[in-house]
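Working notes, structure below.
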Amino acid sequence: MSPTPSPQLEKMGEFARLTGVLWDPQPTFRDIAARPRWWPPLLIVMALSVVFIYSFTQHVGWERFMRQQFENNPRTQQMDAAQREQAMTQGARFAPIMGYAGSVVGLPLMALTAAGVFLLVFRTFMSAELTFKQTFAIYCYSLVPLILSSVMTLAVLFLKDPSEFDLQYPTPTNIGAFLDPLNTPKWLLALGGSIDVFTLWTLALVATGLSVASRKISWGTSLACVLGTWCLYVLVKVGWAAMFG
């Protein structure tokens with residue numbers, strides 16, 4: 001008697017993938033690993049980022065943001081009034097350009113870099129049988145919580161008075177939002193800003209996806225590996241802020 005063939009996984013549609021990552025991630029990542037596709041979540045995050053930059057430019061304005069930055073920076077306070085005004089004007093002119101460039105170019109590069117780092121770590125230290133295409137797709141779908149974060153940030157942008165909107169900490173989802181930027185060391189601000197609810201959610205999804213795709217690594221081990229890699233990044237970020245902040 002011939003063995004009964006194992007049933008094939010039912011292919012998930014794109015909407016089912018985007019929602020399944022949030023509500024039922026394990027079978028969703030199983031489908032993503034079997035049929036890796038990266039562009040739908042990444043394009044949505046990029047589009048929302050572009051919408052936010054445009055909305056911020058129109059509703060708040062970069063001149064207000066630059067003025068806040070200069071007021072909170074002891075180094076710029078040492079400049080004379082004319083130099084400070086000129087620097088603020090130039091900063092306000094180039095800030096939206098950098099914002100759009102970060103949305104269109106920076107986000108994909110960040111995703112590619114992060115996927116490459118996680119692939120290197122998992123293949124080197126965990127002997128995981130992963131491909132870059134799988135890892136990149138898993139990372140991009142792990143960014144789905146940023147869609148919710150972007151929608152929340154846009155809502156706060158239009159509900160708050162423009163003078164009270166904080167571009168660096170728009171929503172109270174990380175520790176940095178509760179720290180005083182004038183009296184807190186730069187390294188502590190960098191650390192606090194890194195510990196964010198949506199960042200931790202994304203990392204948990206990355207760990208889930210890589211665990212499912214590799215098949216032989218438990219979720220706990222995968223999470224420890226992902227968090228360890230992220231902690232090294234935060235350590236470099238905090239060290240940079242301490243030296244040059």
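The values are calculated or read from the model by the stated rules, or taken from the named source; none is laboratory data. From a predicted model like this one, the values you see are computed outputs, not experimental measurements. FYI the Cβ positions are ideal-geometry reconstructions off the backbone, even for glycines, and counts take in every protein chain you see. We work out accessible area using only protein heavy atoms, side chains counted, and drop any ligands, DNA or RNA first. Shrake-Rupley method; radii C 1.70, N 1.55, O 1.52, S 1.80 Å.
Please find the FRET efficiency linking residue 161 to residue 14, where r is the Cβ-Cβ separation and R0 is fixed at 41 Å, and quote it to the nearest 0.05.
Calculated transfer efficiency: 0.60.
Quick check: with the 1.4 Å probe, what order do 231, 225 take by accessible area, largest first?
Largest to smallest exposure gives the sequence 231, 225.
Roughly how many whole Å is it from the C-alpha centroid of segment 61-108 to that of segment 19-44?
37 Å
Each residue of segment 98-113 in order: what ³J(HN,Hα) in whole Hz does its phi give by Karplus 6.51 cos²θ - 1.76 cosθ + 1.60, θ = phi - 60°, with x for Gly and Pro?
So the Karplus estimates, Gly and Pro as x, are 5, x, 5, 5, x, 6, 8, 10, x, 4, x, 5, 4, 5, 4, 5 Hz.
Can you divide the C-alpha Rg of the chain by 2.2 N^0.38 Å and report the result to two decimal places?
Cα Rg divided by the expected 2.2 N^0.38 Å: 1.18.
Quick one: accessible surface of residue 218, probe radius 1.4 Å, all protein chains present, in square angstrom to the nearest 10.
Its accessible surface works out to 60 Å², give or take rounding.
Using a Förster distance of 51 angstrom, determine the FRET efficiency expected from the C-beta separation of residue 51 and residue 180, and round it to 0.05.
The calculated FRET efficiency here is 0.95.
On C-alpha positions alone, give me the angle between the axis of helix 25-34 and the longest principal axis of the chain, in degrees, nearest 10.
70 degrees
In square nanometres, what is the average projected area of the Cα convex hull of segment 30-123?
Here the figure is 8.7 nm², rounded to one decimal.
Once phi is turned into ³J(HN,Hα) by the Karplus curve 6.51 cos²θ - 1.76 cosθ + 1.60 with θ = phi - 60°, what whole-Hz value does each residue of segment 132-137 show in order, with x for glycine and proline?
Once rounded to whole Hz, the list reads 5, 4, 5, 5, 5, 5.
For the chain, give the magnitude of the charge dipole about the Cα centre (Cβ charges: +1 Lys/Arg, -1 Asp/Glu; no others), in debye to the nearest 20.
Numbers: 17 positive and 14 negative charges, 147 e Å.
Dipole about the Cα centre, nearest 20: 700 debye.
Calculate the all-directions average of the projected area of segment 104-188's alpha-carbon convex hull, and give it in nm².
Average projection, Cα convex hull of segment 104-188: 7.9 nm².
Looking at segment 85-133, what % of the alpha carbon pairs are farther apart than 18 Å?
54 percent
Taking all protein chains in place and a 1.4 Å probe, what share, in percent, of the accessible surface of the chain do carbon and sulfur account for?
About 65 percent, which is the carbon plus sulfur part of the accessible surface.
Evaluate the Kirkwood expression for the hydrodynamic radius of segment 111-245, namely the inverse of the mean inverse distance over all pairs of different C-alpha atoms, and round to one decimal in Å.
16.3 Å
Keeping all protein chains in position, work out how much accessible area residue 236 exposes to a 1.4 Å probe, and write it in Å² to the nearest 10.
Roughly 100 Å² of residue 236 is accessible to a 1.4 Å probe.
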